[in-house]
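Engineer: Please find one structure pasted underneath; my questions will follow.
The values are calculated or read from the model by the stated rules, or taken from the named source; none is laboratory data. What you see is a predicted model; the values in this text were computed from it and never measured. Cβ placement follows ideal geometry from the backbone for every residue including glycine, while neighbour counts extend to all protein chains displayed.
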Amino acid sequence: MGGMNAMKADTIEAQLHAMGDAARVAFTVLAAAPAEQKTKALTAMAKAIRASSAQILTANAKDYAAAQTKGLTSAMLDRLQLNDKRIASMAAGIEQIATLPDPIGKVIESWDNAENGLHFEKVAVPLGVIGIIYESRPNVTADAVAMCIKSGNACILRGGSESANSAHAIMDAIHHGLREAGLPHDVAQLVATTDREAVGVMLRMRGYLDVMIPRGGESLTRRVAEESLVPTILHLTGNCHIYIHDAADTAKAVRIVHNAKLRRTGICGALESLLIDRKVLKTIGAAVIKDLLDADCEVRGDAEIQKLDGRVKEATADDWGTEYLEKIVSAKVVDSTAEAIAHINRYGSHHTDAILTEDANVAEQFTRSIDSAIVLVNASTQFADGGEFGFGGEIGIATGRLHARGPVGAAQLATYKYIVTTKDAAGAIRAG
């Protein structure tokens with residue numbers, strides 16, 4: 001049995017290394033492609049996805065039926081399921097990316113050095129070949145490829161087994177668009193096997209992959225963080241907070257908290273933990289808690305939150321750090337903005353956090369002190385989305401500090417190089 005497993009692993013590794021070789025060759029073509037050709041490819045990809053809607057939905061129905069038998073959570077099922085509206089949104093997202101300025105070739109800085117006569121330009125260039133590992137959300141296939149094409153990067157995608165049929169149907173449409181634009185289809189490849197060994201192989205593909213991006217649950221992202229030999233842009237959990245300050249507006253607070261928790265509970269920008277200033281606990285706080293409970297959202301609160309409504313369940317210490325991705329929220333009373341900030345920085349995941357207040361000075365204190373990629377004032381945490389930022393989409397929300405932070409769109413999938421020239425026809429040499 002051990003010999004058979006080793007043989008299987010060797011086969012998977014050989015397949016992925018061959019994909020890596022093909023991706024590096026294709027990358028040289030894509031990196032040199034003019035902006036117009038990349039735009040043509042993206043437009044053709046969007047058109048092909050719309051034209052393939054029936055095939056994509058058929059494939060997705062197979063995935064969804066299989067996922068139901070596996071007992072996936074409602075949040076996972078919601079992420080997996082496609083419909084006409086979501087496919088149209090997928091295509092529209094690609095078209096939006098196509099209209100964005102080309103991030104590649106942009107001169108970030110330029111200067112002259114009078115002492116040596118050299119002219120320096122810091123120019124944006126692609127990262128290279130990007131490995132993307134994601135779970136049950138099939139639209140990531142289209143989003144990720146579109147952003148990689150826009151930024152001149154080749155990519156190798158490994159989706160979750162739950163969305164395998166959907167991802168392959170979407171990739172077929174993507175390849176149609178690439179062919180129409182005259183770009184090699186190997187700039188975007190999807191790992192065929194659903195064997196978990198493929199993830200381990202990708203994490204060891206230094207020399208083939210330049211960057212690794214995980215998009216999924218905590219177990220996946222932590223595995224990538226711990227095992228990857230390839231530089232990684234991390235997207236960890238979304239334990240998002242809202243702090244209701246004593247200068248908050250009641251109507252805004254009720255509306256924003258409801259949206260942040262319940263618009264879509266299964267996304268990383270969903271509200272998971274609510275902090276309420278003691279001064280407004282029995283007024284604004286009571287109104288917000290009642291609204292959530294009336295909407296069948298489970299509230300797990302401390303002793304004082306429980307006194308507001310008999311339907312509130314007791315929170316445990318584990319609740320403060322939990323990403324539920326369900327109709328559940330933790331709630332706690334705090335005595336000051338400083339206490340709210342300390343709580344968020346301790347228990348949060350550095351993803352997205354918000355304050356509701358009409359006090360500009362307190363808002364400034366909060367935004368300056370919260371150590372998160374996105375900090376909002378009087379807005380729902382569900383705005384933590386690359387499309388809402390005008391990026392045309394995102395591969396995820398990066399919660400680390402390198403290489404990007406916050407929504408990672410096409411412009412964030414670039415690095416730079418220095419181009420140095422001289423006006424001296426004889427050229428320049430280093431003296432001494």
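Engineer: Quick one: which strands (runs of 3 or more DSSP E) lie wholly within the range 300-403 and hold at least 3 residues that are touching a Ser or Thr at 6+ places or on another chain (Cβ under 6 Å)? I'd like the intermediate steps shown before the answer.
Structural biologist: Values: elements: 328-334, 352-356, 374-377.
Qualifying strands (runs of 3 or more DSSP E): 352-356.
Engineer: Taking the stated definitions as given, is ALA98 touching a residue at least 40 places away in the same chain (Cβ under 8 Å), among the small types (Gly, Ala, Ser), surrounded by fewer than 23 Cβ atoms within 10 Å (Cβ to Cβ) and under 19 Å from PRO407 (Cα atoms)? Break it down into steps so the answer makes sense when it comes.
Structural biologist: Numbers: touching a residue at least 40 places away in the same chain (Cβ under 8 Å): yes; among the small types (Gly, Ala, Ser): yes; surrounded by fewer than 23 Cβ atoms within 10 Å (Cβ to Cβ): yes; under 19 Å from PRO407 (Cα atoms): yes.
Answer is yes for this residue.
Engineer: Output the residue which, of all residues in the range 73-91 that are assigned to a helix (DSSP H, G or I) and over 19 Å from the mean Cα position of the chain (by Cα), is nearest to THR141 (Cα to Cα).
Structural biologist: Going residue by residue through the range 73-91, those that are assigned to a helix (DSSP H, G or I) are 74-80, 84-91.
Retained after the next criterion (residues that are over 19 Å from the mean Cα position of the chain (by Cα)): 74, 84-85, 88.
Numbers: SER74: 21, ASP84: 17, LYS85: 17, ALA88: 14 Å.
The residue in question is ALA88.
Engineer: Pairs needed: first member in the range 332-346, of a type outside the set (Val, Ile, Thr); second member anywhere, part of a strand (DSSP E or B); C-beta distance under 6 Å; at least 6 residues apart or different chains.
Structural biologist: From residues that are of a type outside the set (Val, Ile, Thr), the pairs are LYS332/LEU275; ALA340/TYR243; ALA340/LEU275; ALA340/VAL334.
Engineer: Looking at the range 288-299 only, could you name the residues that are assigned to a helix (DSSP H, G or I) and over 10 Å from ILE244 (Cβ atoms)? Before you say what the answer is, go through the steps one by one.
Structural biologist: Here is the first cut: in the range 288-299, the residues assigned to a helix (DSSP H, G or I) are 288-294.
Passing the criteria: ILE289, LYS290, ASP291, LEU292, LEU293, ASP294.
Engineer: Considering each residue of the range 42-64, count those that are of a type outside the set (D, E, K, R) and under 23 Å from the mean Cα position of the chain (by Cα), and give that number.
Structural biologist: Just the residues of the range 42-64 that are of a type outside the set (D, E, K, R), to begin with: 42-46, 48-49, 51-61, 64.
Those left that are additionally under 23 Å from the mean Cα position of the chain (by Cα): 42-43, 45-46, 49, 56, 60, 64.
The total comes to 8.
Engineer: ILE130: in contact (Cβ under 8 Å) with a residue 24 or more places away in the chain and over 23 Å from the mean Cα position of the chain (by Cα), yes or no? Write out each step before concluding.
Structural biologist: On the way: in contact (Cβ under 8 Å) with a residue 24 or more places away in the chain: yes; over 23 Å from the mean Cα position of the chain (by Cα): no.
Taking the combined requirement at face value, the residue does not satisfy it.
Engineer: Of these, MET45, MET90, MET76, which one is touching a residue at least 12 places away in the same chain (Cβ under 8 Å) and touching a His at 6+ places or on another chain (Cβ under 8 Å)?
Structural biologist: Working: MET90 fails: touching a His at 6+ places or on another chain (Cβ under 8 Å); MET76 fails: touching a His at 6+ places or on another chain (Cβ under 8 Å).
Just a single option satisfies the conditions, and that option is MET45.
Engineer: If I filter the range 315-354 down to residues being of a type outside the set (A, V, I, L, M, F, W, C) and farther than 23 Å from THR237 by Cα, which single residue comes out as surrounded by the fewest Cβ atoms within 10 Å (Cβ to Cβ)? Walk me through it before giving the result.
Structural biologist: Quick first cut of the range 315-354, residues of a type outside the set (A, V, I, L, M, F, W, C) only: 316, 318-319, 321-324, 326-327, 330, 332, 335-337, 339, 343, 345-353.
Pick out the ones that are also farther than 23 Å from THR237 by Cα and you get 335-337.
Working: ASP335: 10, SER336: 13, THR337: 22.
Among those residues, the one meeting the criterion is ASP335.
Engineer: Hey, can you tell me all the residues within the range 101-118 that are touching a strand residue (DSSP E or B) at 6+ places or on another chain (Cβ under 7 Å) and either of a type in the set (A, V, I, L, M) or surrounded by 14 or more Cβ atoms within 10 Å (Cβ to Cβ) (or both)?
Structural biologist: Scanning the range 101-118 gives PRO103, ILE104, LYS106, VAL107, ILE108, LEU118.
Engineer: Also, I was wondering about something else. Against the condition in contact with a strand residue (DSSP E or B) (Cβ under 7 Å, 6 or more places away or on another chain), of a type in the set (Gly, Ala, Ser) and modelled with pLDDT under 95, how does ALA404 come out, does it pass?
Structural biologist: Judged against the criteria, ALA404 is a match.
Engineer: Hey, could you check the range 355-393 for residues that are closer than 13 Å to THR337 by Cα and among the polar types (S, T, N, Q) and say which is surrounded by the fewest Cβ atoms within 10 Å (Cβ to Cβ)?
Structural biologist: Filtering the range 355-393 for residues that are closer than 13 Å to THR337 by Cα and among the polar types (S, T, N, Q), the one surrounded by the fewest Cβ atoms within 10 Å (Cβ to Cβ) comes out as ASN361.
Engineer: Regarding the range 1-11, can at least one residue be identified that is buried (at least 20 other Cβ atoms within 10 Å of the Cβ) and in a helix (DSSP H, G or I)? Steps first, please.
Structural biologist: Initial filter on the range 1-11 (buried (at least 20 other Cβ atoms within 10 Å of the Cβ)): none.
Within the range 1-11 (the criterion being buried (at least 20 other Cβ atoms within 10 Å of the Cβ) and in a helix (DSSP H, G or I)), the answer is no, since none of the residues qualifies.
Engineer: Restricting attention to the range 219-236, which residues are in contact (Cβ under 8 Å) with a residue 24 or more places away in the chain and closer than 14 Å to GLY200 by Cβ?
Structural biologist: LEU220, ARG223, VAL224, GLU227, SER228, LEU229, VAL230
Engineer: Just give me the residues in the range 325-338 being of a type outside the set (Val, Ile, Thr), modelled with pLDDT of 95 or more and touching an Asp or Glu at 6+ places or on another chain (Cβ under 9 Å), in sequence order. So that I can check it myself, show each step before the final result.
Structural biologist: To start, the set of residues in the range 325-338 that are of a type outside the set (Val, Ile, Thr) comprises 325-327, 330-332, 335-336, 338.
Those left that are additionally modelled with pLDDT of 95 or more: 327, 330-332, 335-336, 338.
Once the filter is applied, which keeps residues that are of a type outside the set (Val, Ile, Thr), modelled with pLDDT of 95 or more and touching an Asp or Glu at 6+ places or on another chain (Cβ under 9 Å), the range 325-338 yields LYS327, SER330, ALA331, LYS332, ASP335, SER336.
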